[in-house]
Amino acid sequence: MPVRFCCLIAKLESFMKRLVNTLSILACICIAVGHPARVAAGQLNDSNTANIFIPDNGSSANSSMVLSGAPAEAQVTKVKVHYEIKHPNIGDLWVYMTSYYEGTWHDYTIRNRVGGSADDIAETVDNLTAWNGASPNQQWYLVVKDMASGHTGYIDNFELWVDYSTGGSP
């Protein structure tokens, strides 16, 4: 082997050892100040296409799904929902999402008696943060309540995307 090549290899090995030591020190510092060196992120998604009858004037209809598969330490970072409701007077409807954890229900109103006498709803709502910090592995509900008499309808579709992270800020 030529001398120049041997010197180059020796310098490269020395550099790599210093780099590995530096990275090890940085990882220790990150852990010591409460910031893990690795953050995992992911998304859970599911849908419920069962037609759920919405009773007239007072009772609620619930479309639900159970999301699972995220690591045990995962925490919600945002939620996106798409839903479709068939109803001849959408101004009668109160639409909200909810989930039950830590001993209580956590509700978020999506729409409350808006839209007048228009027919049907097909809506996507993104960047919901009401459940940030909760586990994504749980049962989720879309709840629709008809608040006036005279019309009925049904939940046609409910789809949910829940983004999560583990270990710190992604």
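The values are calculated or read from the model by the stated rules, or taken from the named source; none is laboratory data. Small disclaimer: the values here were computed from a predicted structure and weren't measured. Counting neighbours? That spans all protein chains shown, and the Cβs are built from the backbone with ideal geometry, glycine included. Accessible surface areas use protein heavy atoms only, side chains included; no ligands, DNA or RNA. Shrake-Rupley method; radii C 1.70, N 1.55, O 1.52, S 1.80 Å.
In table form, for the structure just shown:
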read-out: Residues (of a type outside the set (S, T, N, Q) and either modelled with pLDDT under 95 or closer than 25 Å to residue 102 by Cα (or both)) located in the stretch 149-170; value: 150, 151, 158, 159, 160, 161, 162, 163, 164, 167, 168, 170
read-out: Residues of the stretch 99-121 that turn out to be touching a residue at least 24 places away in the same chain (Cβ under 8 Å), over 18 Å from residue 87 (Cα atoms) and of a type in the set (Gly, Ala, Ser), as a count; value: 1
read-out: Counted residues, the stretch 143-153 - those being open to solvent by 30 Å² or more (accessible area, probe 1.4 Å) and among the small types (Gly, Ala, Ser); value: 2
read-out: Matching residues in the stretch 56-71 - criterion: being touching a Ser or Thr at 6+ places or on another chain (Cβ under 8 Å), modelled with pLDDT of 95 or more and not in a strand (DSSP E or B); value: 70, 71
read-out: Hey, residue 140 open to solvent by 30 Å² or more (accessible area, probe 1.4 Å), in contact with an Asp or Glu (Cβ under 9 Å, 6 or more places away or on another chain) and hydrophobic (A, V, I, L, M, F, W, C) or not; value: no
read-out: Residue within the stretch 154-161 that is in contact with a Lys or Arg (Cβ under 7 Å, 6 or more places away or on another chain) and open to solvent by 70 Å² or more (accessible area, probe 1.4 Å) present; value: yes
read-out: Condition check for residue 108: open to solvent by 50 Å² or more (accessible area, probe 1.4 Å), in a strand (DSSP E or B), over 16 Å from residue 48 (Cα atoms) and touching a His at 6+ places or on another chain (Cβ under 8 Å); value: no
read-out: Residue 118 vs. criteria surrounded by fewer than 15 Cβ atoms within 10 Å (Cβ to Cβ), in a strand (DSSP E or B) and small (Gly, Ala, Ser); value: no
read-out: Conditions (1) outside any strand (DSSP E or B); (2) loosely packed, with under 13 Cβ neighbours inside 10 Å: number failed by residue 124; value: (1)
